[in-house]
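Chemist: Following this message is one structure expressed as structure tokens.
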Amino acid sequence: MGLLDSVVGMLKGGQGTGGNADLLNAVLGMLGNNAQGGGLAAILAKAQQGGLGDIVSSWIGTGQNLPISADQLNNVLGSDTVANLAKKAGLSPDDAASQLSQVLPQVVDKLTPAGRIPEGGLGNVTELLGRLMQR
């Protein structure tokens, strides 16, 4: 069972408090349509600019997800974004980056089952969480 499965299991069981669940909620907020940084499309654009577009594209596509390191994720998201996510989850920035490198590819993969970002974006946090819990 992966980290994402564990977190979604906790949320389904009503145990949605603590670092992992808080981190997932922060990630969904970052990916959603109302995200301050522009959501998943903006993350993909930043990854492409930083030479990591193939990695993020693999999470969206229907093939196998390519791994990303915590350092690469810091480069794509920016250390300020990782620090903000860490604060929301009650984690250190290093721990948050490490966990994000495991969770983010899975979350993006599950939210883009058709292999593309849906027109109009992924939706709001509530919609995203509902879609994850159905899987």
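Each value in this text was obtained by applying a stated rule to the coordinates, not by laboratory testing. Please read all numbers here as calculations on a predicted model, not as lab measurements.
Chemist: Please report the relative contact order for the range 48-100, taking Cα pairs under 8 Å with a sequence separation of at least 6, and give it as a percent rounded to a whole number.
Modeler: Across the range 48-100, relative contact order equals 28 percent.
Chemist: Length gain on complete extension for the stretch E127 to D71, per 0.36 nm per residue less the alpha carbon to alpha carbon distance? Working shown, then result.
Modeler: Numbers: separation 56, 0.36 × 56 = 20.16 nm, distance 2.96 nm.
Extra length from E127 to D71 when fully extended: 17.2 nm.
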